[in-house]
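No value in this document is a laboratory result; all are computed from the given coordinates. The structure presented is a predicted model; accordingly, all values stated were derived computationally and were not measured. So basically every Cβ, Gly included, is an ideal-geometry build from the backbone, and we count neighbours across all protein chains shown.
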Amino acid sequence: MKTFLKEVLLPLLIALCLAAFFKPVYMADGVCDYFLMWLCVGFPFGIRRMCLWLVPFGYGISGTVGIFALNIIIGGLIGGLALIVGLLLGLIHTIREII
């Protein structure tokens, strides 16, 4: 039961809280932008799994902001996948523990 709470329920609750918090961001005119939702919810899960940060060196302000935005997009994409894989592995581990 402790594994289920730690590996499945806690990340799911965090993702739901993030989805509720960022709802005004990805809901434009009552239509859901699923890519933006993926980035907003996945960012906290993926930023810690990024092995390489692109560090802007020798760029102007626009290049620095662009590379920072690219880091956020890559972290969000990685985090969305990491969240899904983590939830699936947590469910599999919980089912194996029950059986």
Per the 1/(1 + (r/R0)^6) rule, R0 = 35 Å and r from the Cβ atoms of Ile84 and Val55, FRET efficiency to 0.05 is 0.75
Only helices counted: for the chain, with every DSSP H run of 4 or more residues adding -39500 (n - 2.57) and the sum spread over all residues, [θ] at 222 nm is -22500 deg cm²/dmol
Footprinting proxy, Cys32, Cys51: sorted fewest to most Cβ within 10 Å, the residues are Cys51, Cys32
Assertion target for Ile61, Ile99, Ile47, ordered by fewest C-beta neighbours within 10 angstrom first, is Ile99, Ile61, Ile47
Contour minus Cα-Cα span, Ile98 to Ile72, at 0.36 nm per residue, comes to 5.6 nm
With label points set 7 Å from each Cα along the Cα-to-Cβ direction at Leu91 and Cys32, the distance between them in nm comes to 1.6
Length gained, Thr64-Leu5, 0.36 nm per residue minus C-alpha separation, equals 17.3 nm
Expected sort for 34-46, 6-18 on mean C-beta neighbours within 10 Å, highest first, is 34-46, 6-18
